Each structure stands twice: as C-alpha cells, then as structure tokens.
Amino acid sequence: MRLFFFSVIIMTALSVCAQPGAKPSGLRVNEQRIESRIKELASFGKDAQGRGYRVAFTPGDIKARGWFMDLMKKAGLEVSTDAAGNIIGRRKGKNPSLKPIAFGSHIDMVPDGGNYDGCVGSIGGLEVIEILNEQKLVTNHPLELIIFSNEEGGTIGSMAMAGNLTADGLKQVSQSGLTMAEGLRALGGNPDEIARSKRNKGDIHAYFELHIEQGGILDKEKLQIGVVEGIVGIIHWEVTVEGFANHAGTTPMDMRKDALLAASKLVVAVNEVATSVEGRQVGTIGKIAAMPGAYNVIPGKVVMGLEIRDLSYDKIWQLFREIEKRAASIASSSGVQISFRKEPNESRPAMADKELQAGIVQAAKGLNYGFRFMQSGAGHDAQEIAHIAPVAMIFIPSIGGISHSPKEYSTPVDMANGANVLLQAVLSIDK
Ligand code: HGY
Ligand code: MN
Ligand code: MN
C-alpha cells in the first residue's frame, strides 16, 4: 500500500514539472532542485564562525564560481569568463542572427550576508535552462545566463559590460582588500583588457533579473511577485575627519580636537538631511574607523563611508551638498577638518523597460500569482545593463523584509514562483 502512495507522489511531482513537449505555458520549474542548489551554494565561503563570507574575490567566491560553472556546463551551456570576470553561459537558439535574451544575477555576498541575495536569480536562471533542456525546447533567440562579478562591491562586472568601468574604478579598493583590478584577475578576468568585456547597445536583446525584494512590501501584502519599475542610483563617498590625537587623561574637555566626536555629529547630520525632505531617499554611514583606537587616546582621525541613494541622480547630489554644508559647520565648531572623496564607481538610477514589465505581468497573471509594481531601493546589475539593453526585474518576497543579513530568507515556493515567471517572461519575448 505504501509503495502505491509513494509512486503516486513521484508521478505527481513529475507531472508538476510537466512532461517533455508540454505547452510552454504549462511548464513549471523544479522547486526541490532550486532549494537544494540554494542550500549548496550557501555552503561556500563560510568563515570559522560559520558566517557567510562569500565576498567577491575571496576564496569562497572563487570556489562557488567553480561549482556554478560546473553546473552550467552539465546543463549544456557554452561557458566562458569575460575580461571583467563575468561568467557567461550561452545556449544556442534556432536563429543565430538574433541577439541573445540574457538573464542572471550575482553570487558574491556582503560580509555576513544572506543566502538569497543574487543567488535566487542565478540559481533561478539556471533552472530556466534546465527546464528548457528537459522539454527539449530550443528558443528562437540564443540565451545567455550571466553571473556578474562583484555585484556587492559596486556592480563591477555589469558596469564593465556596459563599458563604464574606468581605470580609476579598477584602482578602487574592494571589500576583500584587493583592488578591483587585482580581484578581477583573481577571478580569471583580465583588467588590462577590460574593454573586451564591453557590449554595445543592441548586443543584448533584453535582460531579465530575478531577485529577492530585500524589503518587506511583498511579504506584508502577501503578494508573490514584484514588477520593478525603477532602480535607485547609488553614490559613495569616503569621509575623513582630521582632529588631533592627544592624551585622554590630561587634555581638558574644552581643549580637544576630537575627530570621533565630530564624526558622530556628522553621522546624526546625515540622518537629519536624509529625513528632511519628502521621498524614498536614503543616506547611510555604513562603516567607520577611529584612529589610533585606544581607550586612552583622543581619536585624531576618523574615516567613514557615506552612501546616498535615490531614483533621482540630481536629488542624490542635492542631499550631498546639504551634508557638505552641515560638515563645514561641524568642522569649524569642533576645530577639525572634514573632507569628502567620491568613489569613482557610482550607479545611476535606471527605469525598467515597459514592454518587458508587461511580459512579467502577463506571466504572473497566467500563473495566478498576486503582483504589484514597485521600485527597487537596492542596487542591481540590471541598472548597469540598462545602459546597453532593455531590462526588467522580477522580485519575490523577502520574509520580514530582511536582507544583507544571515536572517535573509525566501521560501522555496516563492523562489519557484519567481523562476516560473522568469521562464514565462523569457518565452514571451522570444519571437
Ligand atoms: O547594495 C545593494 O543595494 C545591493 O544589494 N548590492
Ligand atoms: Mn543583489
Ligand atoms: Mn546585495
């Protein structure tokens, strides 16, 4: 009797993934395969405390990339790494003269990050290829599954593919401590010939990116799919506060040039400026170092990281100018110097293509998923590719809206829903 029930379960599972030759609209991805691959990918880059540390260019990132490329090859893709360290898996189409439909994301992480940011779009994109293979379905357009390099460090690989990674940008120091150039070389890229990774406008027919929302709207509204209308711009500045290091015991309170006290006032000022106007803009001091860093020394120098994001590039600069003014007054009242150095790698805001958004909506409706339009407060490779091709993004819920944290979580069902929408959206434009 038990054998009978077991075989019924297997048959049902198989029918859910659809038999070869099924109608394209009836295709469904394999939820279990997605979930097990997400779990396996999560095992790369764990540090001694078991925390996820698959930061770009580190051994965990390199090992995970090797594992992913093996899966791509087993799925019959023609796998290459471009000069910017982007992994490109190409699947032939019926008509080689057509430009590729591309989809993908990233597998590098922020320090102590989560297992879904970038991974859902990468594993979900591979799942689309697996289903097409199982269905022996050859698309008209060639397909490209792209795993971009160092997304978390400033969408570096996609920026290079769009032709916007400059010599200065290659000198920028990454989270790993390597410069971008050293890091891309560690991935098998060739920074000396970075221009070879550039694609021109028209080289890619369209780019879709499946991604977790990294916010709490879909989870709160119990919706399965987010149709992204626009992605915020992001600019980073390194802020240096120069005071005067001195003895913490013998220097009277009114005779100090305390760099950390001044820096703390600037942190509050950033928050006040970012909340002083209507809108979804955000301003963050995400990292700080106080030197020399001893109980008994008044900090003489502080270096901080300032980030401002908004859908309007001009608004980012307006907010920055306001912060600069506040810094000038803090500097004069504290007797310190405050300077800002803009990081070369910035991301411009990008709007998603209306037609591609319609393809996502049609797919979500066909699958009976609840959906809504929304903007992305997170940056993505799609916003770099938007410089050279029409792009669109598909969001799935982040439980509790948590991201860039080990508590980041998306359910297997939601990941499968997202991959089903990606599959149908790709097929919907494959004319
Ligand atoms: O920082 C971001 O918004 C993205 O997760 N890289
Ligand atoms: Mn991401
Ligand atoms: Mn991220």
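Using a 10 angstrom cutoff on alpha carbons, build the Gaussian network for the chain and name the most mobile of Met72, Met393, Met109.
Met72
At 0.36 nm per residue, minus the direct Cα-Cα distance, what do Lys39 and Asp254 gain on full extension? Give it in nm, one decimal, please.
Gain in length upon complete extension: 71.8 nm.
Where does each of Met253, Met161 land when they are ordered by accessible area, with a 1.4 Å probe and the largest first?
My answer, sorted largest first, is Met253, Met161.
When all protein chains stay in place, what accessible area (Å², nearest 10, 1.4 Å probe) is found for Met255?
130 Å²
For a 31 Å ceiling on Cα separation, which of these pairs sit above it: Lys73/Lys198; Lys257/Lys342; Lys46/Lys73; Lys287/Lys407; Lys171/Lys301; Lys315/Lys354?
none
Highest mean first, how do 423-429, 394-400, 408-414 rank when packing is the count of other Cβ atoms within 10 Å averaged over residues?
Numbers: 423-429: 22.3, 394-400: 24.9, 408-414: 18.7.
Ranked by mean Cβ neighbours within 10 Å, highest first: 394-400, 423-429, 408-414.
Given segment 233-342, what whole percent of its Cα pairs are spread farther than 17 Å?
Numbers: 3128 of 5995 pairs.
Here the tail beyond 17 Å accounts for 52 percent of pairs.
If I model a spin label as a point 7 Å beyond the Cα along the Cα-Cβ vector, how far apart are those points for Lys407 and Asp47 in nm?
Spacing of the two 7 Å Cα→Cβ label points: 1.9 nm.
Determine, from the Cβ-Cβ distance of Glu238 and Asn190 and an R0 of 22 Å, the FRET efficiency 1/(1 + (r/R0)^6), rounded to the nearest 0.05.
That gives a FRET efficiency of 0.20.
Got a number for the accessible area of Lys198? Probe 1.4 Å, square angstrom, nearest 10.
Solvent-accessible area, nearest 10 Å²: 90 Å².
What whole-number distance in Å separates the alpha-carbon centres of segment 309-330 and segment 53-68?
That distance is 36 Å.
Would you please give the FRET efficiency between Leu137 and Lys74, computed as 1/(1 + (r/R0)^6) with r the Cβ-Cβ distance and R0 = 25 Å, to the nearest 0.05?
That pair, Leu137 with Lys74, gives E of 0.90.
Of all the accessible heavy-atom surface of the chain, with the other protein chains kept in place and a 1.4 Å probe, what percent is carbon and sulfur? Before the final figure, lay out each step's value.
Details: 10740 of 19050 Å².
For the chain, the apolar C and S fraction of the accessible surface comes to 56 percent.
Which one of Tyr295, Tyr313, Tyr116 has the biggest mean-square fluctuation once the chain is modelled by GNM with Cα springs under 10 Å?
Tyr295
Springs between alpha-carbon atoms under 10 Å, Gaussian network over the chain: tell me which of Gln281, Gln32, Gln383 tops the mean-square fluctuations.
Gln32
So for the pair Ala358, Ser333, with labels modelled 7 Å out along Cα→Cβ, what separation do we get in nm?
Output for this residue pair reads 5.5 nm.
Rank these residues by their accessible area, most exposed first, probe 1.4 Å: Glu272, Glu384.
The residues order as Glu272, Glu384, largest area first.
Could you work out the mean projected area of the convex hull around the alpha carbons of segment 201-275, in square nanometres to one decimal? Intermediate results must be reported in sequence, preceding the final value.
Numbers: hull surface 41.9 nm².
Value for segment 201-275: 10.5 nm².
Give me the number: length gained by fully extending Lys23 to Lys99, i.e. 0.36 nm times residue separation minus the C-alpha to C-alpha distance, one decimal in nm.
24.9 nm
Mean residue ellipticity at 222 nm from the helices of the chain, using -39,500 (n - 2.57) per DSSP H segment of n ≥ 4 over the full residue count, to the nearest 500 deg cm²/dmol?
Mean residue ellipticity at 222 nm (helix-derived): -11000 deg cm²/dmol.
Send over a whole-number figure in Å² for the accessible area per residue of segment 191-253, probe 1.4 Å.
45 Å²
Check each of the trypsin sites (Lys or Arg not before Pro) in segment 311-383 and keep only those in coil by DSSP with at most 10 other C-beta atoms within 10 angstrom; list them in order.
For trypsin sites (Lys or Arg not before Pro) across segment 311-383 that sit outside H, G, I, E and B with at most 10 neighbouring Cβ atoms in 10 Å, the list is empty.
Run a plain Debye calculation on the chain (Cα atoms as equal point scatterers, no solvent) and give log10 I(q)/I(0) at q = 0.12, 0.13, 0.14 Å⁻¹, rounded to two decimals, same order as the q list.
-0.98, -1.12, -1.27
Sort Asp353, Asp254 by accessible area with a 1.4 Å probe, largest first.
Correct descending sequence by accessible area is Asp254, Asp353.
The values are calculated or read from the model by the stated rules, or taken from the named source; none is laboratory data. Note that the structure is predicted; figures quoted are calculated from it, not measured. Cβ: placed from backbone, ideal geometry, glycine included. Neighbour counts: every protein chain shown. Protein only, heavy atoms only, side chains kept; ligands, DNA and RNA dropped before computing areas. Shrake-Rupley method; radii C 1.70, N 1.55, O 1.52, S 1.80 Å.
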